[in-house]
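What follows is one structure encoded as structure tokens, with my remarks underneath.
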Amino acid sequence: MGGVIKELKELRSMSDEELLKELNNLRAEYRDLMTKIATGGAVEKPTRARNIRRRIARILTILRERKVKGHAIAR
């Protein structure tokens, strides 16, 4: 569980631009991984797809929280 908290702190310390760049990289990696799986290739770490999806979700959540927070202040 400590790893998740450390990861969240790391992600929250990143700027929006850095998060978007990380998000694009993760989506590309996930797309490549899914292509490899779909074509019947052997995957070194089967749990990597799940971990990528979770990290993508965390990034999207942080970006959404920041957007909502920004709108609440602007009102």
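For the chain, the longest principal axis of the Cα atoms and the long axis of helix 2-12 meet at an angle of about 60 degrees.
Its DSSP H runs of at least 4 residues, each contributing -39,500 (n - 2.57), put the calculated 222 nm mean residue ellipticity of the chain at -28000 deg cm²/dmol, to the nearest 500.
Take every Cα pair under 8 Å whose residues are at least 6 apart in sequence, average their separation, divide by the length of the range 2-74, and the relative contact order is 38 percent.
Subtracting the Cα-Cα distance of Asn24 and Thr39 from their residue separation scaled by 0.36 nm leaves 3.1 nm.
A Förster distance of 35 Å, applied to the separation of the beta-carbon atoms of His71 and Val4, puts the FRET efficiency at 0.80.
Each value in this text was obtained by applying a stated rule to the coordinates, not by laboratory testing. Note that the coordinates shown come from a computational prediction; the quantities given were computed from them, not determined experimentally. FYI the Cβ positions are ideal-geometry reconstructions off the backbone, even for glycines, and counts take in every protein chain you see.
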